[in-house]
Amino acid sequence: MVIYMVTEDDKKEIMEKLDEISDRLQKLNIAEYIELVRSPRRMLLINFIAGLARGLGVAIGATFLGAIFLVILFRLARLNLPLIGEYIARIVKIVQTYL
């Protein structure tokens, strides 16, 4: 059997560490997270809104990248490059037909 002697300095150090841990836990907002987990409706609403935001971001990003790709294709077609120009001209005609 081992007996430990705890001094007053040790008690103060332990209390300081506990206060530090308590402050860190409060900064992590664990209570708010637990409340969120216990409320399925709120969690579903937050995840739904996050999904809408992601979907909107993907749609805008894809549109932007598609527009850049088309601009590059149009410019390459205007250059009349020997092998690539004919292929790109066909693609540009197809795109212009459906726009």
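The values are calculated or read from the model by the stated rules, or taken from the named source; none is laboratory data. Being a predicted model, the structure only gives us computed values, none of them experimental. Here the Cβ is made from the backbone with ideal geometry for all residues, glycine too, and neighbour counts use every protein chain on show. SASA here: full protein model, heavy atoms, side chains in, ligands and nucleic acids out. Shrake-Rupley method; radii C 1.70, N 1.55, O 1.52, S 1.80 Å.
Being under 30 Å from E32 (Cβ atoms) and of a type in the set (A, V, I, L, M, F, W, C) is the filter here, so list the residues in the stretch 42-96 that pass it.
First, the residues of the stretch 42-96 that are under 30 Å from E32 (Cβ atoms): 42-58.
Of everything in the stretch 42-96, those that are under 30 Å from E32 (Cβ atoms) and of a type in the set (A, V, I, L, M, F, W, C) turn out to be M43, L44, L45, I46, F48, I49, A50, L52, A53, L56, V58.
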Any hit, the stretch 10-18, residues being open to solvent by less than 90 Å² (accessible area, probe 1.4 Å) and part of a loop (DSSP other than H, G, I, E, B): no
Qualifying residue in the stretch 47-65 (condition: more than 20 Å from the chain's Cα centre (by Cα) and open to solvent by 80 Å² or more (accessible area, probe 1.4 Å)): no
Matching option when the condition is open to solvent by 100 Å² or more (accessible area, probe 1.4 Å) and in contact with a helix residue (DSSP H, G or I) (Cβ under 7 Å, 6 or more places away or on another chain), among L79, L44: L79
Inter-residue pairs, beta-carbon under 7 Å, first without any contact (Cβ under 8 Å) to a residue 12 or more places away in the chain and in the stretch 24-44, second exposed (fewer than 10 other Cβ atoms within 10 Å of the Cβ) and hydroxyl-bearing (S, T, Y), 6+ apart: none
